[in-house]
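Taking it in order: structure first as structure tokens, then the write-up.
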Amino acid sequence: MGDLTVNPTGAALGAFVDGVDLSEPLSETDRLYVQGAFWEHSVLVFRHQELTEAQQVVFSRYLCDPVAHPTNVTNVGELPEICIIANVEEDGKAVGALGNSEVTFHADLAFYPTPGTVSVLYAVEAPNNSGHTSWSSGIAAYDALDAQSKDRLEDVRIVYSHRRSDYRSADPVIHPLVCTHPESGRKTLYFSSNHAASVVDEDEAESESLIDRLRSYTAEERFTWTHHWRPGDLVVWDNRSTQHRRSHVDESKRRYMRRTQAVGTPDGALAPQQEDV
Ligand code: OGA
Ligand code: MN
């Protein structure tokens with residue numbers, strides 16, 4: 001393997017990391033370099049990787065503290081930290097989550113008091129003609145606001161909820177919109193289009209209007225970048241500074257991905273239920 005290099009996509013976020021074999025432990029120097037690149041670019045793509053579940057978990061630990069997926073409890077791998085995202089069925093049963101569906105813009109687990117922070121997705125099998133994943137940068141979206149809008153949005157708080165009632169927390173889940181990223185110190189719009197329900201302290205009309213505007217603003221093409229998967233791709237993203245979406249998957253093709261994830265709060269603050277401890 002050559003020396004590790006980081007090659008930015010040229011879009012608002014994302015970089016390719018080349019010259020590294022993630023089945024081997026990273027040196028301390030490479031680890032620091034990858035961590036720095038991650039906080040800078042929010043999404044990193046490592047191509048041509050051949051990884052076991054255990055090696056994926058080792059890699060995930062360089063950037064976060066992976067946990068078992070809080071909702072996707074049936075589609076798990078051999079290791080508890082691994083969940084399966086796939087359109088594959090065995091004996092008439094889906095072996096993974098999400099199937100072939102299009103998935104609209106979201107930040108993982110935003111409907112939880114401790115939402116997703118870092119997510120890692122590794123393609124074991126993936127078609128190149130469909131199931132593309134796009135990310136949008138909350139940092140670029142914040143930076144592009146004019147001073148008046150930054151002011152208007154500074155103290156906005158959003159209530160999040162999942163369509164499925166069995167995924168909902170007992171208490172309303174509220175996260176600040178403008179967050180300072182705990183690792184990079186950069187300001188970012190933390191937003192999950194898919195799960196945003198209302199704005200705290202706004203009447204219904206203003207709440208709906210602001211959420212609609214945030215949905216379209218954060219999805220603007222200038223803030224986004226799309227990845228076309230190949231088997232052996234490992235992508236890691238930061239849910240605190242990005243949203244992502246996935247296009248529909250061609251049902252005639254197999255798509256089988258392994259995922260690890262970590263949870264925390266968007267701004268690194270203690271979650272309400274932890275403050276009481
Ligand atoms: C996810 C997700 C996108 C994909 O794992 O959180 O949104 O490309 N997956 O399958
Ligand atoms: Mn997701």
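If the cut-off is 24 Å between C-alpha atoms, which lysines fall inside it for Lys253, apart from same-chain ones fewer than 8 positions away?
Answer for Lys253, where 24 Å is the Cα cut-off: Lys93, listed by chain and number.
What is the sum of charges around Leu153, taking Lys and Arg as +1, Asp and Glu as -1, for the other residues whose C-beta is under 15 Å from the C-beta of Leu153?
-4
Just to be sure I understand the curve: with the Debye formula and one point per C-alpha of segment 138-218, what is log10 I(q)/I(0) at q = 0.14, 0.18, 0.20 Å⁻¹?
The computed values of log10 I(q)/I(0) come out as -0.48, -0.77, -0.93.
Restricting to DSSP loop positions (anything but H, G, I, E, B) with no more than 14 other Cβ atoms inside 10 Å of their own Cβ, which GluC sites (Glu not before Pro) remain in segment 1-80?
Taking segment 1-80 and a limit of 14 other Cβ atoms within 10 Å, the loop GluC sites (Glu not before Pro) found are Glu50, Glu78.
So for segment 1-95, considering every pair of alpha-carbon atoms, how many percent are separated by more than 15 Å? Before the final figure, lay out each step's value.
Numbers: 2977 of 4465 pairs.
Counting pairs separated by more than 15 Å, the tail of P(r) holds 67 percent.
Quick one: in the chain, what % of C-alpha pairs are over 31 Å apart?
Numbers: 9231 of 38226 pairs.
Percent of Cα pairs beyond 31 Å in the chain: 24.
List the residues whose amide H sits under 5 Å from the amide H of Val199, counting only those 5 or more places along or on another chain, with H placed 1.01 Å from N in the peptide plane.
Residues meeting the amide H criterion: Val159.
For segment 133-213, which GluC sites (Glu not before Pro) are both in a DSSP coil and crowded by at most 14 other Cβ atoms within 10 Å?
Numbers: sites: Glu154, Glu183, Glu202, Glu204, Glu206, Glu208; in loops: Glu154, Glu183, Glu202.
Here the sparse-neighbourhood loop sites are Glu154.
No value in this document is a laboratory result; all are computed from the given coordinates. Here the structure is a predicted model, which is why all the values come from computation and not from measurement. For neighbour counting, all protein chains shown are included, and Cβ atoms are generated from backbone atoms with ideal geometry for every residue, glycine included.
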